[in-house]
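Here's the structure, in structure tokens; my notes come after.
The values are calculated or read from the model by the stated rules, or taken from the named source; none is laboratory data. None of these values were measured; they are calculated from a predicted model. Here the Cβ positions follow ideal geometry from the backbone for every residue, glycine too, while neighbour counts run over all protein chains shown.
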Amino acid sequence: MKKYILTSTLAALLTLGGLSVPALAGPEDVVVENAWSRASIGMNRPGAAYMTIRNAGDEPVTLIGLKTPLAMMPEIHETKTNAEGVSSMSPAGEITIAPGESVALEPGGLHAMLMRLQEPMTEGETFPLTLLFDGGGEVTVDVPILGIAARGPQD
Amino acid sequence: MRRRAILGYGAAGVGAVALMLFVGWWRVDGPGAPAPVGQLPVALTEMDFRLTDHEGNAVGPETLIGRPTMAFFGFTYCPDVCPTTLSDISGWLDDLGDEADEMNVVFITVDPERDTVETMAEYVGYFHPAIRGWTGPEEQIARVADGFRATYERVPTESGDYTMNHTASVFLFAASGRFVTMIDYHEAREFAVPKIRRALAEEMEGAT
């Protein structure tokens, strides 16, 4: 928790670049915080990564895609659970974030789905994930890989 | 000419209204209506299925009678909901402490094609040790889902693989096998643990 507050503060002060948890780059005003993912068993299963994407600028930004050396097909997906309790997952399409707003990629909702892994996701390592924005902007964040049973970025 | 046009529009309007009414009926009360919500699982004692646990033991609904049971569906190739559910359950079991030892906790795959006994063994090994992984032939899985009033469906993905849509609720049964309640996927943990304690308490009542 202490680490979280510290890093958030640093990010807010715009002094940070490239530490493992938050990142600040590319489209100047996009801030990615609390990125994390779960370790995979081998390479056959898709992985998932989570984070908060905040638009600290004055203009809307639109997330149009992902890229990472870790997976051939990274894509934002959304899990939905209907009134009967049935969960399904589908591509989320483009995501526009209004000025001052955040989008949370979190378990059971939006997530970066990492299909066709090129290597196993190993606990304790990190991997670079690049967010592609409308207009050509990019933000790359180093995503820590936590245990398979992790529930959030603090685990 | 004009009058005919007006009549024509009038008839088209009546037709459109009739169509809307029909579509409304079809979707709400007619054959297009969604399946009734809130269909509850039958008691474990009324179910009949044969599966294999992750250690290779033959199991069925009778395996669960005598202790309260927490059961849920999923598949090990599921990147989001299933590890989250398994982690949540592991957390609840940690909160319950010793009480967790008095429960059956069963993760039943809806993807037996990929989730073999060995796959289930490896997967459940990453979570709370009380969690058992059950798999079996597709027709047996279908019988389990039927008893639980759960659903699952295979859906192809763009990557050429497939994923499974499935009921993500966690089901709680008393030691007698009677269905007690379920924990919905987005329910907060502070509601989940008391619900589990309720299922555990029913065991005490049944025992006296």
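Hey, does segment B:75-95 have a residue that's assigned to a strand (DSSP E or B) and in contact (Cβ under 8 Å) with a residue 12 or more places away in the chain?
Taking every residue of segment B:75-95 in turn, none turns out to be assigned to a strand (DSSP E or B) and in contact (Cβ under 8 Å) with a residue 12 or more places away in the chain.
Of all residues in segment B:50-73 being over 15 Å from the mean Cα position of the chain (by Cα) and of a type in the set (Ser, Thr, Tyr), which is nearest to the other protein chains (Cβ to nearest Cβ)? Spell out the reasoning first.
Of the residues in segment B:50-73, the ones over 15 Å from the mean Cα position of the chain (by Cα) are B:50-68.
Within this subset, residues satisfying the condition of being of a type in the set (Ser, Thr, Tyr) are B:52, B:63.
Working: B:52: 20, B:63: 24 Å.
If we take residues in segment B:50-73 being over 15 Å from the mean Cα position of the chain (by Cα) and of a type in the set (Ser, Thr, Tyr), then B:52 is nearest to the other protein chains (Cβ to nearest Cβ).
Restricting to segment A:96-144, give me the number of residues that are more than 14 Å from chain B (Cβ to nearest Cβ) and of a type in the set (D, E, K, R).
So the count comes out to 6.
Hey, does segment B:74-92 have a residue that's among the polar types (S, T, N, Q), buried (at least 20 other Cβ atoms within 10 Å of the Cβ) and away from chain A (no Cβ under 14 Å)?
no
Residue A:80 passes all but one of (1) surrounded by fewer than 18 Cβ atoms within 10 Å (Cβ to Cβ); (2) at pLDDT 95 or above; (3) within 13 Å of chain B (Cβ to nearest Cβ); (4) assigned to a strand (DSSP E or B); which number fails?
Against the list (1) surrounded by fewer than 18 Cβ atoms within 10 Å (Cβ to Cβ); (2) at pLDDT 95 or above; (3) within 13 Å of chain B (Cβ to nearest Cβ); (4) assigned to a strand (DSSP E or B), residue A:80 comes up short only on (2).
Filter segment A:32-67 for residues that are surrounded by fewer than 17 Cβ atoms within 10 Å (Cβ to Cβ), within 14 Å of chain B (Cβ to nearest Cβ) and modelled with pLDDT of 95 or more and give the result.
A:65
For segment B:56-107, enumerate the residues that are within 24 Å of residue B:152 (Cβ to Cβ) and among the charged types (D, E, K, R).
Once the filter is applied, which keeps residues that are within 24 Å of residue B:152 (Cβ to Cβ) and among the charged types (D, E, K, R), segment B:56-107 yields B:62, B:80, B:88.
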